[in-house]
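Scroll down for the structure; my scribbles are underneath it.
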Amino acid sequence: MKPVFILPVLTMGLLTGCVTAQTPSANSQIFAMDTVMSLEVYGDGAQAALDNAISTIYHLEDLWDVTEEDSEVSAINQSQGQPVPISPETSALLEQSQELSQLTDGALDLTAYSAVSAWGFTTGDYRVPSQLELDTLKTKIDYTQLSLNVEEQTASLPDGMSLDFGSVAKGDLGAILSEQLQNQGITSALLYLGGNVQTIGSKPDGTLWRVGIQDPSNPEQAALGVVEVSQKAVVTSGSYQRYFEENGETYWHILDPETAAPARSGLTSVTVIGENGTICDGLSTALFVMGLEDGISFWKQHPELDLDIIWVEESGNVTITSGLESTFQLTEAQSGREVTVIAP
């Protein structure tokens with residue numbers, strides 16, 4: 001068995017381009033929520049705003065770390081059907097996640113944590129569960145069993161079920177930090193939160209941020225393309241981010257709630273681009289599970305979400321939504337790939 005865990009690291013030059021040297025700025029790199037995070041904040045008050053952002057990151061990590069016994073997520077998992085108090089941040093994230101689960105017919109389901117654990121993705125002790133075990137695990141995945149009382153700020157799960165915020169936490173963190181920084185007067189910032197990128201405004205010189213999209217077939221070395229954005233989240237879910245190999249088969253961490261096993265959708269990555277990081281994060285996972293055809297149908301059926309999407313298939317073909325025609329381009333090394341543009 002060959003375990004592999006890749007932290008998706010992109011060069012900041014590819015992400016940011018040049019910035020004005022005269023602009024006061026602050027930057028930091030930390031490890032939180034099981035990933036490397038790089039934060040760049042520009043403008044007056046940048047250092048104080050950055051310090052506050054880092055405090056917020058660690059605060060939310062304490063609330064949402066499923067491996068910590070005193071976190072709110074652990075309290076819900078141990079609730080045995082009895083309501084436990086939760087913070088406004090946890091309540092809001094659960095509410096939005098439930099809405100996304102319903103919208104995607106369960107392709108996004110936070111209650112898959114027991115299956116994720118069984119495969120060893122939480123500890124690195126990788127294993128392939130038997131079909132009998134998978135059949136049992138499937139019965140413990142059902143987002144409708146989560147009881148959430150927004151008014152009283154309590155939540156609970158039935159005994160034997162457990163949830164994790166892994167598919168939405170960093171996206172929601174980006175959304176929270178974006179609002180927080182803007183409230184502190186910051187109009188330009190780049191937040192690299194693992195596989196998630198959150199931009200605030202444009203670059204200090206007024207041009208768009210350039211965000212690199214990794215090549216799933218060579219994630220450590222190559223970029224597939226670059227997308228230009230302003231005031232957007234760019235979130236990728238890919239089979240290359242965390243996986244292991246056994247007996248010539250590759251198993252990745254994105255599970256299909258219907259099978260409790262890695263989603264075999266014909267895709268290697270999905271990138272979602274939009275203003276709301278929580279939605280982008282949750283849907284990048286759900287769209288990976290859906291596959292290309294169903295994902296395109298979903299996008300066409302929900303124009304109100306105002307999202308753009310990049311799908312990369314196992315064949316290497318790339319499909320993008322029409323809003324990206326002028327802002328996404330393949331790198332020179334990837335220029336031979338077939339790119340299909342989907343209109344609403």
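The values are calculated or read from the model by the stated rules, or taken from the named source; none is laboratory data. Here the structure is a predicted model, which is why all the values come from computation and not from measurement. Don't worry about glycine lacking a Cβ; one is built from the backbone with ideal geometry, like all the others, and counts go over all protein chains shown.
Restricting attention to segment 202-242 and to residues that are of a type in the set (D, E, K, R) and over 23 Å from residue 166 (Cα atoms), the residue that is farthest from the chain's Cα centre (by Cα) turns out to be 205. Given the condition over 21 Å from residue 262 (Cβ atoms) and in contact with a Pro (Cβ under 9 Å, 6 or more places away or on another chain), answer yes or no: does some residue in segment 304-318 qualify? The answer is no, given that none of the residues of segment 304-318 is over 21 Å from residue 262 (Cβ atoms) and in contact with a Pro (Cβ under 9 Å, 6 or more places away or on another chain). Output the residues belonging to segment 271-318 that are within 17 Å of residue 174 (Cβ to Cβ) and among the charged types (D, E, K, R). Residues satisfying the conditions are 275, 281, 306, 308. For segment 269-344, the strands (runs of 3 or more DSSP E) that sit wholly inside it and include 1 or more residues that are buried (at least 21 other Cβ atoms within 10 Å of the Cβ) and acidic (Asp, Glu) are 308-313. Given 40, 72, 61, 89, which one is among the acidic types (Asp, Glu), closer than 30 Å to residue 201 by Cα, more than 19 Å from the chain's Cα centre (by Cα) and surrounded by 15 or more Cβ atoms within 10 Å (Cβ to Cβ)? Going through 40, 72, 61, 89 in turn, the sole match is 40. The residues in segment 129-139 that are touching a helix residue (DSSP H, G or I) at 6+ places or on another chain (Cβ under 6 Å) and either modelled with pLDDT under 95 or assigned to a loop (DSSP other than H, G, I, E, B) (or both) can be counted, and the count is 1. The criterion of at least 3 residues that are modelled with pLDDT of 95 or more and surrounded by fewer than 22 Cβ atoms within 10 Å (Cβ to Cβ) is met by the following strands (runs of 3 or more DSSP E) wholly inside segment 140-228: 147-149.
Examine segment 51-58 for a residue that is part of a helix (DSSP H, G or I), among the aromatic types (Phe, Trp, Tyr) and surrounded by fewer than 16 Cβ atoms within 10 Å (Cβ to Cβ), and state whether such a residue exists. Yes - at least one qualifying residue is present in segment 51-58.
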